[in-house]
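Everything on this sheet refers to the single structure shown next.
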Amino acid sequence: MFTTPIKRSPLTNFEELIKFSYQTEFRNDISRCYWQNNGQIAFSDDYGIVYVTPYRSEIRLMLEDAGYQEYALYVPFSNGEVVPESYAWLRKIAEAENWAATHEKAYAVSQEKGIKPVKIAGKYQLKEVSYYDDKENCTLYSALTMMWLHNESKDNIGTYIVIDDKTLVICDEYGRTWLLKVKTVINDIVNSLMDAGYKRTANPERYVKKYDPPVEPIVEPIVKPSADPPVEEK
């Protein structure tokens, strides 16, 4: 809708997998095995060198196609250990690729629903939302989809929530959640969305929550004692 997501760039061979993995140890008693735990995959190659890599959907299939078997390996960085900077980058890259895969799946779902491209004209403020606290309006916003399109995520693709006459939440054809604010009114935008096949989001209260503004503490004025000497009574 507003932008096209970055395309997915999956790992295509074992050499690429090694490049995006972190070497941990050598074991001469095991080879060609793997184990997944808490979003990380550890695997031991032909020579017993053990690597760990962040989960991507293509990795298990790649390992299994290469003859790797499941084996209860210790999986580093899966239980809150200190993560080296190089592995933190591998996690960041994997997360971006996993979201790219999710956007691809979401787009396929939107096509099944008959969602059409829509362009929104006019001036507006736009923010992509995963979790956002709009302190000015005392409102919490959550994303309408989850990675891998779990739970009701598929239902929310191609839907919108009207917050008020100037504020709108949109889950676009790629499953991304947008918070949109205009200076006039949102009527024309909503009509464009409806013409493109968008529907209202069911159970919007799960994703938009109002809260009471914080109470400002009452500060009592400080009364300084007078510097003048007391007046003696006659």
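Each value in this text was obtained by applying a stated rule to the coordinates, not by laboratory testing. As the structure is a computational prediction, the values presented were derived from the model and not from experiment. Here the Cβ positions follow ideal geometry from the backbone for every residue, glycine too, while neighbour counts run over all protein chains shown.
Within segment 97-149, list the GluC sites (Glu not before Pro) lying in a DSSP loop whose Cβ has at most 15 other Cβ atoms in a 10 Å radius.
Qualifying residues, ordered by number: Glu136.
Farthest toward the positive end of the dipole of the chain, out of Leu126, Val83, Tyr51, is the Cα of Leu126, where the dipole comes from beta carbon charges about the Cα centre. Here segment 1-113 carries DSSP beta bridges of which approximately 90% are antiparallel, counting only pairs with both residues inside.
Compute the FRET efficiency between Glu58 and Val215 as 1/(1 + (r/R0)^6), taking r as their Cβ-Cβ distance and R0 = 30 Å, and round to the nearest 0.05.
Efficiency computed from Cβ-Cβ geometry: 0.05.
For Kirkwood radius over Cα pairs in Å, the value computed from the atomic coordinates appears in the list [x] 19.5; [y] 21.8; [z] 17.8 under label [y]. The protection proxy used here, the mean number of other Cβ atoms lying within 10 Å of each residue, ranks peptides 82-89, 71-78 as follows, highest first: 71-78, 82-89. Straight Cα distances below 26 angstrom link Lys166 to the lysines Lys116, Lys119, Lys123, Lys127, Lys135, Lys181, Lys183, Lys199, Lys209, Lys210, with same-chain residues fewer than 8 positions distant left out. Put a dot 7 Å past the Cα of Ser192, heading toward its Cβ, do the same for Asp164, and the two dots end up 2.3 nm apart.
Amide H contacts for Thr159 (H built 1.01 Å from N in the peptide plane; partners 5 or more residues away or on another chain; cut-off under 5 Å): Cys171, Lys199. Of the residues Asn28, Asn203, Asn38, the one that moves most in a GNM of the chain with alpha-carbon contacts below 10 Å is Asn28.
The protection proxy used here, the mean number of other Cβ atoms lying within 10 Å of each residue, ranks peptides 188-195, 214-221 as follows, highest first: 188-195, 214-221.
Run the paramagnetic zone check for Leu140: 7 angstrom along Cα to Cβ, then residues of segment 164-194 with backbone nitrogen under 20 Å. Correct set: 164, 168-170, 177-180. Bridges between two residues of segment 124-210, per DSSP, are antiparallel at a rate of about 90%. Relative contact order of segment 1-113: 28 percent, from C-alpha pairs under 8 Å at least 6 residues apart in sequence. The phi torsions of segment 211-218, fed into the Karplus equation with coefficients 6.51, -1.76 and 1.60 and a -60° offset, translate into couplings of 9, 6, x, x, 7, 6, x, 7 Hz, rounded to whole numbers, with Gly and Pro shown as x.
Provide the percentage of antiparallel DSSP beta bridges, counting only those with both residues in the chain; round to the nearest 5.
90 percent
Taking amide hydrogens as placed 1.01 Å from N in the peptide plane, the amide H of Arg27 sits under 5 Å from those of Ile49, Val50, each at least 5 positions away in sequence or on another chain.
Counting only Cα atoms, the size of segment 1-113 along its three principal axes is 52, 31, 22 Å, in decreasing order.
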